[in-house]
């Protein structure tokens, strides 16, 4: 007993002193970094906008706009506009975390160059505006600032789009005349200058809030030629291929097709075009591949993923283009100067004739017909781009695109928004209540 | 006075020498048995041969006792010789092991500890220790991963209590802390092993299951899931010299449940609800024409676009007319499944000398699975244990082992390359046996040849390739799903493991009452996993994929303690342990991955067969340590009152913000046998204990980090950062420097009794525990910039009842029969989840197993149909229910209401018979396979045809009309808006497995199993002696022979996500097995 009494404190004292040093300073991860320069992070921001504009957002948008169709399993459900909040978790999270938040790290970095911050701003502003157009009110003023706002408030749709435009404008100030290639585009993005691309993006979002003046002003400084289009770059490796190609060929065969889509019908003549376009057969061949005998039950229209096709392994995906820039000008000027509007549409048509080596006759139409022709050209030309889904809702379905299940061409016969994701509903008490449903229009549209 | 004197004189006169032999009931001498004259201090011990010699008077009573045997009283008569045979009484002195591996009488145990003996463990002939424990102790839940050879199992003691921490019990083998890692376990890939199963079950002497926190508390952080204390064989302590035991067994495995596929309709698409489907040779679904109505004869082919040539020269072209009426379900099945065979051979040598004991064993376990192909598991083990008494005070012990495993695994689960996914979806009119050959493709009049072409039902002319001159590589067009025979024969998943465990120990007796014990142990393994998919495999494997993972883990421990006892006074006895323990875990995983083989025409299991862009290495390293001081004090007051206090103070490297962590525990027990003083009661003890243990954070969770980026959607498409300039990104999980330990507090109360001449033993325990500050990656608001943040935010509680009993029905010389059983009911509840509503543990976006506040751990979340306030379906214009826009948490609960085991043993002379039934009741599961087989029109249920007898036209879910009186493939149902037709339209939307609803596939997964049945025959002594043997026995066993369950198609005990935390999911997981085995044991 005595020995025990003696031993215990000695033993304990020895052990406790050695205890701490044995376990100290071992919790610094050898598997990760705690610092990263903004020049490294900007690439992730760019991947995020590539993903935002070209992955599942674009596929959903294309199905909802009836440019494409769901063909199998979960995408069949999508084709019947059956909503599911959880499906939006990734799409929302990728844009906010990899895109907007990573951009904010760069914007907050006082040591970062003006160029890298400018690029981050152009991308971040675009993502903010686009998120607002997809979802309605979204976090903006309190977002990506976790130290101060654990649960960011939701700002109104218009204020977020305008806020996004302001960030893009600020970014344009920072990037000077840097080209995409010199401005961190690397193997990810290519095009003309960041300033041109930024202006086209600002024009897109200005138009979406009905600010035609700003849209014209920005578009005038926007992408000046097809060669300057801001597009994604792809290769032949498993995970740098065109995202439509990856989805359609590598990952989910049969899910995404264009069978009986309005776009396919317009291009193959099933539905007459407002502006007769012989070149559409060449355009159809670029976009789509028919399979089977037309009229038979097994007839399908597939996305053209072959070499040379619009959705081939290495095809670039557009983020902002000359075509869109011209069509923004056409639409924005339509109210004030129809001749100019005509001119911009015809500029697009002339360029399409070059692109497809086929006949895209100029329009001579005026009035409502001209506007319809502008919007129809935009609907067809911007295949697979999210902006089509925005335009469809913004114009109250001026084109009369039929609903996939009912065939109705009513203005509100389409999904009016993406659903707030389950991940946000679960964690943020500021999510609008009651939760808006699939067919509830957003404030702006 | 005179008479008194005379009596003394008489007594003195009558003193004589009595000699005798003390043996056990089988006649084996018992050395060291005590022979004492009753009421005196006159006593002797028996020698090595059981002989004794004692001076006593005639009429004296001798008490002969030996540990583990009932004490015998013998009155000395006129004879000078008294031979005594002691009756075994294991229960009386049943010994359990403490967390430190020290022996303790079960009667003095103040917590609920059970011990599983070697015989019980071995009877099932399972390859793994874990599976062998199933049903043998209350409070322990064992779930098999699958029937794959060498498959691991999930073990959970007293319910789940952590989200990110380790969920396996601490494993202490001969004092060494060893790994029971279960690396892997997701919705796809291969079924993984559990590292505890590396141990040869034949080397184990016993497994003590320590369930209570108070008993485990000396290990502090790391003991929150209980402790398994394993003792390996050390050689006989009784018989000196050599003994050799040989075991040889053969086991035959069969698939124990199979899916029923329809055999009426062929591959094809149903065009209209009425009138039938049309054959289509590449569609995924089986909504085609009625096979029996075909013309018969051979199919006609169009060879103009090319063809597939089988190895025996037959050519298969594009089918222009499907004439063949043959149904291939059975022949396809027989090509995939057959009998599995396992050969197990082992030999052990033990030597007992004067001062040492040595045990040496070798074993080989060689299993070929029921899946015909690359599915096997070969485990070879070596073990050497030695105990040496160097001096009176100094004892050395060594436990060491080496295991090597070589195994081939089969891809499973939600996996285009998995066995069952392709097998079960295959249409009944497709013959999978022509799975491999040569593809001849004719394009623009030019024929190109693809060797090793992979043919499956969705690519009936086989995979083919084109050569891309620009990239200099082949591009394969592959089947959408693998042919199962391709999965089994062409894909390889090789797993090799080498493992050493070395655990020396020194015991030094400081004095009679105090011993110093110093232990060192190291457990090291390397687990190499090679996965290979040849070009032409489905999915991402189309251009070939190879991956090698090299995992090493090392667990090192130093444990030094002093144990002793002393009597404080005549009524209070003290027993104490005080010690220091340090533990280090180091882990490294280094992986290489290549895709798109440059040269796909040869199996090449090394890097260097692709371009740099497609070759990607990766790795993970971790080093964690903890150390602490602990002490145990046991007090025995007036014999019947037992008190125990334990404390541990420690520091943990993964919790630098937590400082020194202290875990206290206290227990009290009272033996009420004397108090009750009733004849029927042989022993009774009441016990009460409280304990605290902890769980540490995963390493490196305290900081927010940056790493290489990249982005991908949940659909699989994505942009790999390394192919895009390798940009960096911030982790989406926010680090937390203030993390502290998860602390489990447990209170338990129970009793242990033996009654009716110790025939009945019954123990029961009620426990209630709560783990607070459970660390979870608390989902944060994504728009705040992080998707999660690690916080000590959750609280999980378990309450349960454990009962163990045994009853000797018959005790006789020739006939013995007993019944024993265990019952466990655990109620788990996630009391608090830090305000977040749901956290996925494993599974799919559509249906998953996760945690949610107010629900039990592992609760299932899935889509449900929209319902009104009264609970009725909200139906659409066609009369079908819509999917609700939010998924429901609690669509099912995978936790059983209770589990129980019931065993019978009958011994008659040389013959013994035993059975074990086990059940799990009230556990739900998500039957995703059924849902998807419904979608594909391949499950037998989808072949039903109905006649519309409703008196009017009805519609299907697409609004297509079925006139009155018309026959259609499907069923009539009513969702509340009148009768509707359930047909392919409903199956392929929200009525099938790919819809947004999973509630219709949540099923009651309760089961009862005949876990084991064993007949063992010990050959007669005469036979054995003639053969110069010491023992010879032959046994015949059945394992999982029968399962009673409402689940059809698969073994409800299997779990898709293996030993991961996600429970209750079924999705094309590899099947379970039943087995029959014969074992021959020979002792020399």
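Observations
- Within the set A:175, A:248, A:231, the sole residue that is within 26 Å of residue A:45 (Cα to Cα), touching a strand residue (DSSP E or B) at 6+ places or on another chain (Cβ under 8 Å) and facing another protein chain (nearest Cβ under 10 Å) turns out to be A:248.
- Residue A:169 fulfils the conditions (1) closer than 15 Å to residue A:201 by Cα; (2) within 17 Å of the chain's Cα centre (by Cα) except for a single criterion, (2).
- Residue list for segment A:261-279, restricted to those being surrounded by 14 or more Cβ atoms within 10 Å (Cβ to Cβ) and over 23 Å from residue A:403 (Cα atoms): A:277, A:279
- Tally of residues being in a helix (DSSP H, G or I) and over 17 Å from residue A:200 (Cα atoms) across segment A:342-373: 18
- When we screen B:187, B:208, B:232 for residues that are under 30 Å from residue B:1032 (Cα atoms) and under 18 Å from the mean Cα position of the chain (by Cα), the only hit is B:208.
- Strands (runs of 3 or more DSSP E) enclosed by segment B:977-1084 - at least 1 residues per element that are out of contact with any helix residue (DSSP H, G or I) (no Cβ under 8 Å at 6 or more places or on another chain) and at positive phi: B:1031-1045
- Filter result (part of a strand (DSSP E or B) and more than 10 Å from chain A (Cβ to nearest Cβ)) within segment B:467-500: B:467, B:474, B:476, B:492, B:493, B:494, B:495, B:496, B:497, B:498, B:499, B:500
- Condition check for residue A:286: in a loop (DSSP other than H, G, I, E, B), away from every other protein chain (no Cβ under 11 Å) and within 22 Å of residue A:229 (Cα to Cα): no
- Odd one out for residue A:142 among (1) without any contact (Cβ under 8 Å) to a residue 24 or more places away in the chain; (2) away from every other protein chain (no Cβ under 14 Å); (3) touching a strand residue (DSSP E or B) at 6+ places or on another chain (Cβ under 9 Å): (2)
- Residue match in segment B:380-395 (condition: within 30 Å of residue B:151 (Cα to Cα) and assigned to a loop (DSSP other than H, G, I, E, B)): no
- Screening residue A:61 on (1) under 22 Å from the mean Cα position of the chain (by Cα); (2) at the interface with chain B (Cβ under 8 Å from one of its Cβ atoms); (3) in contact (Cβ under 8 Å) with a residue 60 or more places away in the chain shows it passes everything except condition (2).
- Options B:903, B:928, B:892, B:922; residue that is closer than 30 Å to residue B:1040 by Cα, within 14 Å of another protein chain (Cβ to nearest Cβ) and within 24 Å of the chain's Cα centre (by Cα): B:928
- Verdict on residue B:165 being in contact with a strand residue (DSSP E or B) (Cβ under 9 Å, 6 or more places away or on another chain), at positive phi and either surrounded by fewer than 24 Cβ atoms within 10 Å (Cβ to Cβ) or assigned to a strand (DSSP E or B) (or both): no
- Members of segment B:636-695 found to be out of contact with any strand residue (DSSP E or B) (no Cβ under 6 Å at 6 or more places or on another chain) and either closer than 22 Å to residue A:26 by Cα or crowded, with 17+ Cβ neighbours inside 10 Å (or both), listed by number: B:651, B:655, B:656, B:657, B:658, B:659
- Considering segment A:270-282, and only residues there that are part of a loop (DSSP other than H, G, I, E, B), in contact with a helix residue (DSSP H, G or I) (Cβ under 7 Å, 6 or more places away or on another chain) and touching a residue at least 12 places away in the same chain (Cβ under 8 Å), the residue that is farthest from the other protein chains (Cβ to nearest Cβ) turns out to be A:275.
- Subset of segment A:38-57 [closer than 12 Å to residue A:106 by Cα and either more than 8 Å from chain B (Cβ to nearest Cβ) or touching a helix residue (DSSP H, G or I) at 6+ places or on another chain (Cβ under 6 Å) (or both)]: A:38, A:39, A:41, A:42, A:44, A:45
- Taken together, B:879, B:835, B:854 contain a single residue that is surrounded by 19 or more Cβ atoms within 10 Å (Cβ to Cβ) and either in a loop (DSSP other than H, G, I, E, B) or touching a strand residue (DSSP E or B) at 6+ places or on another chain (Cβ under 7 Å) (or both), which is B:879.
- Residue match in segment B:920-932 (condition: out of contact with any strand residue (DSSP E or B) (no Cβ under 7 Å at 6 or more places or on another chain), crowded, with 19+ Cβ neighbours inside 10 Å, in contact (Cβ under 8 Å) with a residue 12 or more places away in the chain and within 30 Å of residue B:263 (Cβ to Cβ)): yes
- Matching entry among A:339, A:301 (being outside any loop (DSSP other than H, G, I, E, B) and touching a strand residue (DSSP E or B) at 6+ places or on another chain (Cβ under 7 Å)): A:301
- Restricting segment A:81-108 to residues that are modelled with pLDDT under 95 and more than 9 Å from every other protein chain (Cβ to nearest Cβ), the residue that is surrounded by the most Cβ atoms within 10 Å (Cβ to Cβ): A:88
- Number of the condition not met by residue A:333 [criteria: (1) outside any helix (DSSP H, G or I); (2) at negative phi; (3) touching a residue at least 40 places away in the same chain (Cβ under 8 Å)]: (1)
The values are calculated or read from the model by the stated rules, or taken from the named source; none is laboratory data. This is a predicted model, so every value here is computed, not measured. A quick note on method: Cβ atoms are made from the backbone with ideal geometry, for glycine too, and the neighbour counts reach across all protein chains shown.
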